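Comments concern the structure below.
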Amino acid sequence: MARLAIDTEYLAAQLARLLEVPSPTGFTDTIVREVCMELERLGLVPTLTRRGAVRAVLPGRESRPARAIVSHLDTLGAQVKQLKENGRLELVPIGTWSARFAEGARVTVFTGHGYVRGTILPLKASGHIFNEEVDTLPVGWRHVELRLDAGVASRRDLTRLGVEIGDIVAIDPQPEFVANGYVVSRHLDDKAGVALMLAALKALAAHGEQPAVDTHFVFTIAEEVGVGASSALTDDVAAVVAVDNGTTGPGQGSAEFGVTVAMADQTGPFDYHLTRSLVRLCRENDIRYQKDVFRYYRSDAAAALVAGHDVRNALVTFGVDASHGYER
């Protein structure tokens, strides 16, 4: 198959639209509907798993052995842990991320009666009150609280407002599409991966290309809590490639440009033959690439293997600086 042109305007538009939809793990119904509608516009027929992951099959010249390309719709977020006596909310994180990046975040709390806006603040937020104690406060989820933009000053007020333990807290992405091409936002992990998959599908449809075998485009809903593609693949899938963020920084081989082919993550090496096949495709098609090993990272592809799927697995990534923070 010849290298296809990607509609980058479509890619950016899809990413912007996806970032607008709150989708912390456990609160993904809306973004699932949005992606299903886009898949239908692209001419595919999406189906849902029991848990709500999305699958759309692009028919190939042969049906088996099928391949799967996977990204995840869910993002980091938080959940209400306690209603505090001062009218604030104690939080626990959804997914693994530092409270350092939560401080100052604007958020939406989804209650059983609607939603409330608010801000995550350190327990000692005002320099006029606490002076240098603001800077010496430890970092951690026990040292932040959520201030709601509502007239609440007690636990009783929170109850009257309809806030309950377990309510989902979505973190504003605050995206910026810089004129020079950079994108800065929370939740590029993995909405950028979803947008990339949609743009690839559009390119395939525009050029009338048919893959050699059935190709399953899968969008999971619980990767940030380790579930990922553990139950989203069918038995005819023989190889799965996850599309996710590549963590750039000291000691890493990833870059913000080109594609990074992961050789291993914390679960161990990816499939020897599949990863080298991906590298060969990059070389043959003049695609900028690099290799990396991720030590504190687990992907949809790894989750599928751990769950017992008898598949070859690999991970390709787009470069992200400050992963799980203000990503670029």
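Touching a Leu at 6+ places or on another chain (Cβ under 9 Å) and touching a residue at least 60 places away in the same chain (Cβ under 8 Å), is that true of I120? Taking the combined requirement at face value, the residue does not satisfy it.
Listed conditions (1) modelled with pLDDT under 95; (2) outside any strand (DSSP E or B) are all met by F27, apart from (1). Against the list (1) over 16 Å from L198 (Cα atoms); (2) free of Cβ contacts under 8 Å to residues at least 24 places away in the same chain; (3) more than 15 Å from the chain's Cα centre (by Cα), the condition G52 fails is (2). Checked against the criterion of being more than 30 Å from R55 (Cβ to Cβ) and either modelled with pLDDT of 95 or more or surrounded by fewer than 19 Cβ atoms within 10 Å (Cβ to Cβ) (or both), segment 69-81 contains one or more residues that satisfy it.
Selection of segment 68-100 for residues being hydrophobic (A, V, I, L, M, F, W, C), assigned to a strand (DSSP E or B), in contact with a helix residue (DSSP H, G or I) (Cβ under 6 Å, 6 or more places away or on another chain) and closer than 20 Å to D29 by Cα yields only V70.
Condition check ((1) over 19 Å from H207 (Cα atoms); (2) out of contact with any Ser or Thr (no Cβ under 6 Å at 6 or more places or on another chain)) across all residues:
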site	(1), (2)
I6	no, yes
A13	yes, yes
A16	yes, yes
L73	yes, no
G87	yes, no
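Please specify each residue of segment 211-226 satisfying the condition of being assigned to a loop (DSSP other than H, G, I, E, B) and within 13 Å of the chain's Cα centre (by Cα). Can you show your working first?
In the first step, residues of segment 211-226 are kept if they are assigned to a loop (DSSP other than H, G, I, E, B); the result is 211-212, 221-222, 226.
Scanning segment 211-226 gives I221, A222, G226.
Would you confirm whether any residue within segment 44-67 is part of a loop (DSSP other than H, G, I, E, B), surrounded by fewer than 17 Cβ atoms within 10 Å (Cβ to Cβ), hydrophobic (A, V, I, L, M, F, W, C) and not assigned by TED's automatic domain parsing to the domain that holds L123? Checked against the condition, which is being part of a loop (DSSP other than H, G, I, E, B), surrounded by fewer than 17 Cβ atoms within 10 Å (Cβ to Cβ), hydrophobic (A, V, I, L, M, F, W, C) and not assigned by TED's automatic domain parsing to the domain that holds L123, segment 44-67 yields at least one hit. Would you confirm, using the coordinates I've provided, whether S126 is polar (S, T, N, Q) and modelled with pLDDT under 95? Taking the combined requirement at face value, the residue satisfies it.
For segment 177-227, filtered to residues that are of a type in the set (S, T, Y) and touching a Leu at 6+ places or on another chain (Cβ under 8 Å), the residue that is surrounded by the most Cβ atoms within 10 Å (Cβ to Cβ) is T220.
Look through A179, A195, A229 and report the one residue that is touching a helix residue (DSSP H, G or I) at 6+ places or on another chain (Cβ under 9 Å) and at pLDDT 95 or above. Before the answer, list the steps.
Details: A179 fails: touching a helix residue (DSSP H, G or I) at 6+ places or on another chain (Cβ under 9 Å); A229 fails: at pLDDT 95 or above.
The conditions single out A195.
Look at segment 158-175 and say how many of its residues are assigned to a helix (DSSP H, G or I) and crowded, with 16+ Cβ neighbours inside 10 Å. Steps first, please.
Restricting attention to segment 158-175, the residues satisfying the condition of being assigned to a helix (DSSP H, G or I) are 158-161.
Within this subset, residues satisfying the condition of being crowded, with 16+ Cβ neighbours inside 10 Å are 158, 161.
Residues that pass the stated criteria total 2.
Counting only residues that are within 15 Å of P24 (Cβ to Cβ) and of a type outside the set (A, V, I, L, M, F, W, C), how many does segment 103-140 have?
Residues in segment 103-140 being within 15 Å of P24 (Cβ to Cβ) and of a type outside the set (A, V, I, L, M, F, W, C): 5 in total.
Selection of segment 134-147 for residues being surrounded by fewer than 13 Cβ atoms within 10 Å (Cβ to Cβ) and over 26 Å from the mean Cα position of the chain (by Cα) yields D135, T136, P138.
The values are calculated or read from the model by the stated rules, or taken from the named source; none is laboratory data. Bear in mind the structure is a predicted one, so any value in this text is a computation, not a measurement. Quick reminder, even Gly has a Cβ in these numbers, built from the backbone with ideal geometry, and neighbours come from all protein chains shown.
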